[in-house]
Structures are given as structure tokens and as C-alpha cells.
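Everything below concerns the one structure shown next.
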Amino acid sequence: MQRVLQGNIGAGMILAQPIYGINGQVIINSGVELSEFHISKIAQLDVKYIYVQGEPQLIDENDTVAQNAKSEFVLASHWALDEIRVGKYVQIEHIKGRVMTLLDECCMHKELQPLFTAMQNCNDYMFKHAVCGYFFAMMIGIGCGIEGMRLRDLGLGALLRDVGMITISRDILNKPGTLTPEEMAIVKQHTEKGHEILHRNSEISLAAANCALQHHERFDGSGYPRGAKDDNIHEFAQIAALADVYSSMTANTSYRKALSVYDALAIIEKAGAAYFNPELIRVLVSNVAIYPLGAIVRLNNQVVGIVNDYADELRTKPILKITKNESGERVNQTLTIDMEANPAIYIADVS
């Protein structure tokens, strides 16, 4: 099955999915071979794209340059996935195979690969950030029950959300210091430029393209480029936005040290409904171990311990094996951190 934009529809194509009218009635059924009359009717209905029978254009197995580029991208993604799992305390082993299979399929599309390659060549941080955001978005999407083609569209949209950056000057993208207001205004154009790039590609759905356009919009209308708010932000863009911010906060950059998982989630939860959909925040938090097993933690009273287990399903109440007491003396005892029951004792640092 292939997705074809309205302007690329030709006579002889066979519909793979029906075309519906405003009231849900079937206008042209699947299996119909399109004629000039049908094409005219589709234009009148202002249908942006259709699905037709046939295989999408895939990379030729004899195209060694394209195959090598695809392999490099997928290998780099495996590396990024390992970093996410270990460094950002994300429990995603249960979805790893499923997500990597979808990524591999995306990279096989001949029309999409130039976009992946351009992002990879543009800026090392941008590529890594794109891949990390992809995994977080897929984790949230699966947690929300998104499946099938919709999950693929979410993944593509999240992975290519910053593709508009390839149109921005390298001098601005790689500038080590703070951007001027004029330079920041140019960078903000990447949302609309990215949407234009994705909207032109027949392999990208409108829902996926909205990830590029709206991933900097915020629930309270304070984002850009259009100040959209609440349900006016597409569901996929809401997911991509949260994944993008969490990925940024927990990444080391040339101008800022990565925040700990604990601090990043605390900030995101505090922002709450002002910036993000609260339900999506809940899904993110439920898939991240704020206090990972084996982590060494320091309490506000200088007690040091190791996370040994959890007293609740959300892993917000770690059970510690205490190794040093307030005086720095070695001890061997167990303590459960429950801030609801005892707010005076809390974890001050995780390493």
C-alpha cells in the first residue's frame, strides 16, 4: 500500500482504502481503478492524499551507498537506545524489538532516507536528539495504546520533527554561545520549514507532519509558531513535544550539563497542565525509573544508600540499603523513602 498526494494521483491507480464524504459515506470504494473522472472528484472533495495498491519505493538492495547509510543510521540508533536505557533510567526492553523494527522499515523508504541522512550530516547533537526523542515518543505512544499505522506515523513524525533545522545556517546551529534574538527567530522557523518539507513527501502523513509544525506548541498557548493550545495541538505533536523536552533536559550539550532524571521529571511534573497534557506526563513518569535499581543516593540528612527495591508500582518509593549514616559511618540497614508518610526525609542526589 502506498500513500499518494492529491497532485500525484494518476489514472490506472487502484484504491487500497475507500474515500469517504463529509458524512462518512463511501464516495469511491477500495479496489476501484481510478479514471480521470475519479481524479476530478477527489480534487473537488479536497482530499489531500489517498492510499493505492502497490509497494512503496524501497532502497534497492544493490544500492550499496544507500544500504550503508541505512545501516549506519540503525546502528547509531541502537547505541542511542542503550544510552537512553542506562543513562535516562527508561525501562524499554519490552518495546525495543518493536520500535527498532519500525525504525528499520522507515529507513528502507527511498523517499525518506535523504531526510534522515541530511539530519545525520547536519549536526551530531541534532541527530542524537532526534533519535532519543523518537524512542521517548514511541514509548509514550505505546503507553497510550497507539498501534499499527498510527504508531508508525507517530514514530516518523517524532523522528523527523526537527528536519526543518537542515534549512538553518550551520553558523547558527553550531554557535557555541547564546543566540541573538534575531538568530533565535531564524531557528524558530524550523517548525514551519519542517512541516513544509514533510508535507511534500508522499510517505509522510499529515499527522506526522504536524509533529514538525507543533512540537514547540504548549498546552497553555505560550508556544510557537502559532500559539496553539489544548486540543488544537495534534495528539502526535503533544507526544513529540513532551519527548523532545525530556530528551533535551537529560542530554549534555555544549552550554548545559544534563539534568538528572529526578530533576527533569520534577520540573516537568511541576509544569503540569500549563505546558503538557497531564495524561502524557503520567505515561512518561510511569515508564521512567526515577530512582533506578542499583543507583547510589544521598538523602537530605547525608545518609547514603543503594536502591534495592520499590515499595510501589510506580517506583516512587524506593527501598534503600543504607551504607553510611549521618556521621559517615558504615552501617547495614534498610530504609523505605516515602515522602507522603515522611516528607522530612527525601533523596537529595542520585548517581
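The values are calculated or read from the model by the stated rules, or taken from the named source; none is laboratory data. Just so you know, these numbers come straight off a predicted model, no measurement behind them. All Cβ positions, glycine included, derive from the backbone under ideal geometry; neighbour counts span all protein chains shown.
The residue that is modelled with the lowest pLDDT, counting only those in the stretch 305-316 that are part of a loop (DSSP other than H, G, I, E, B) and acidic (Asp, Glu), is Glu313. Residues in the stretch 249-272 that are within 19 Å of Pro176 (Cα to Cα), part of a loop (DSSP other than H, G, I, E, B) and among the aliphatic types (A, V, I, L, M): Ala251, Ala258.
Being part of a strand (DSSP E or B), outside the structural domain of Lys128 (by TED's automatic domain parsing), touching a residue at least 12 places away in the same chain (Cβ under 8 Å) and in contact with an Asp or Glu (Cβ under 6 Å, 6 or more places away or on another chain) is true of Ile319. So for the stretch 199-208 (the condition being crowded, with 19+ Cβ neighbours inside 10 Å and under 13 Å from the mean Cα position of the chain (by Cα)), does at least one residue qualify? Within the stretch 199-208, one or more residues are crowded, with 19+ Cβ neighbours inside 10 Å and under 13 Å from the mean Cα position of the chain (by Cα). The set of residues in the stretch 229-241 being surrounded by 19 or more Cβ atoms within 10 Å (Cβ to Cβ) and free of Cβ contacts under 8 Å to residues at least 60 places away in the same chain consists of Ile233, His234, Gln238, Ala241. Per the listing Glu192, Glu196, the residue uniquely out of contact with any helix residue (DSSP H, G or I) (no Cβ under 7 Å at 6 or more places or on another chain), outside any loop (DSSP other than H, G, I, E, B), of a type in the set (Asp, Glu) and closer than 25 Å to Leu115 by Cα is Glu196. Among the numbered conditions (1) surrounded by 21 or more Cβ atoms within 10 Å (Cβ to Cβ); (2) free of Cβ contacts under 8 Å to residues at least 60 places away in the same chain, the only one that Asp153 does not meet is (2). The C-beta contact set for the stretch 174-194 (first residue closer than 27 Å to Ala208 by Cβ, second residue surrounded by 11 or more Cβ atoms within 10 Å (Cβ to Cβ) and hydroxyl-bearing (Ser, Thr, Tyr), distance under 8 angstrom, 6+ apart or interchain) comprises Ile186/Ser169; Lys188/Tyr224; Gln189/Thr167; His190/Thr167; Thr191/Tyr224; Lys193/Thr167.
Answer yes or no: is there a residue in the stretch 105-122 that is farther than 19 Å from Ile59 by Cβ, touching a residue at least 12 places away in the same chain (Cβ under 8 Å) and among the polar types (S, T, N, Q). Taking every residue of the stretch 105-122 in turn, none turns out to be farther than 19 Å from Ile59 by Cβ, touching a residue at least 12 places away in the same chain (Cβ under 8 Å) and among the polar types (S, T, N, Q). If only residues of the stretch 16-43 that are within 35 Å of the chain's Cα centre (by Cα) and assigned to a helix (DSSP H, G or I) are counted, the one that is surrounded by the fewest Cβ atoms within 10 Å (Cβ to Cβ) is Ala43. When each of Ala243, Ala264 is tested for being touching a Gly at 6+ places or on another chain (Cβ under 9 Å) and at pLDDT 85 or above, the lone residue that passes is Ala243. Scanning the stretch 78-123 for residues that are under 23 Å from Leu293 (Cβ atoms) and aromatic (Phe, Trp, Tyr) yields Trp79, Tyr89.
With respect to the stated conditions, Val331 fails to be hydrophobic (A, V, I, L, M, F, W, C), within 17 Å of Tyr89 (Cα to Cα) and not assigned by TED's automatic domain parsing to the domain that holds Glu269. Within the stretch 273-295, none of the residues are within 21 Å of Ile347 (Cα to Cα), polar (S, T, N, Q), in a strand (DSSP E or B) and modelled with pLDDT under 95.
Residue-level analysis places Gly157 among those that are closer than 17 Å to Leu242 by Cβ, outside any loop (DSSP other than H, G, I, E, B) and in contact with a Cys (Cβ under 8 Å, 6 or more places away or on another chain).
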